[in-house]
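The values are calculated or read from the model by the stated rules, or taken from the named source; none is laboratory data. Model, not experiment: these values are computed from the prediction. Please note: Cβ atoms are built from the backbone with ideal geometry, for glycine as well, and neighbour counts cover all protein chains shown.
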Amino acid sequence: MDEKVLRDYLRRALSWHESHVDWKKAVAGIEEKKRGLRPKGADHSPWELLEHMRIATWDILEFCRDGKHASPDWPAEYWPKKPAPPSRAASARGPAAARRARAGSPRASGRRAGRRR
């Protein structure tokens, strides 16, 4: 597949709103103390969902950029270990990290170095 076509498709796929709510709208207005709580009947907290989106986005982009990239183990490494952010600082960084992942920043993974195949 032509790289330009693939890049254009990925750009559109990561920014369209036909299949999912915009993540900024999804997390807007959620009080800090509620970010780590799983709503009744929900499988995941807002923090878990945001981290999952960040990790998955980072993985997709790294897979496209680096032929030696090794994806995290599924599903364990695609979700945070606990429903709540590990700290207030992590909670505050969450939305910014998700934005960096969408922008393709290497700092978006939250990891020191990616694994290689």
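Residues checked against (1) loosely packed, with under 12 Cβ neighbours inside 10 Å; (2) at pLDDT 80 or above; (3) part of a helix (DSSP H, G or I):
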| residue | (1), (2), (3) |
| --- | --- |
| Trp58 | no, yes, yes |
| Glu62 | no, yes, yes |
| Gly67 | yes, yes, no |
| Pro72 | no, yes, no |
| Ala84 | no, yes, no |
| Ala89 | yes, yes, yes |
| Pro95 | no, no, yes |
| Arg99 | no, no, yes |
| Arg102 | no, no, yes |
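The residues of the stretch 1-35 that are modelled with pLDDT under 80 and basic (Lys, Arg), listed by number, are Arg11, Arg12, Lys24, Lys25. Answer yes or no as to whether Ala42 is in a loop (DSSP other than H, G, I, E, B), out of contact with any Asp or Glu (no Cβ under 8 Å at 6 or more places or on another chain) and hydrophobic (A, V, I, L, M, F, W, C). Spelling it out, Ala42 is indeed in a loop (DSSP other than H, G, I, E, B), out of contact with any Asp or Glu (no Cβ under 8 Å at 6 or more places or on another chain) and hydrophobic (A, V, I, L, M, F, W, C).
Filtering the stretch 26-38 for residues that are touching a Phe, Trp or Tyr at 6+ places or on another chain (Cβ under 6 Å) and either in a loop (DSSP other than H, G, I, E, B) or touching a residue at least 40 places away in the same chain (Cβ under 8 Å) (or both) leaves a non-empty set.
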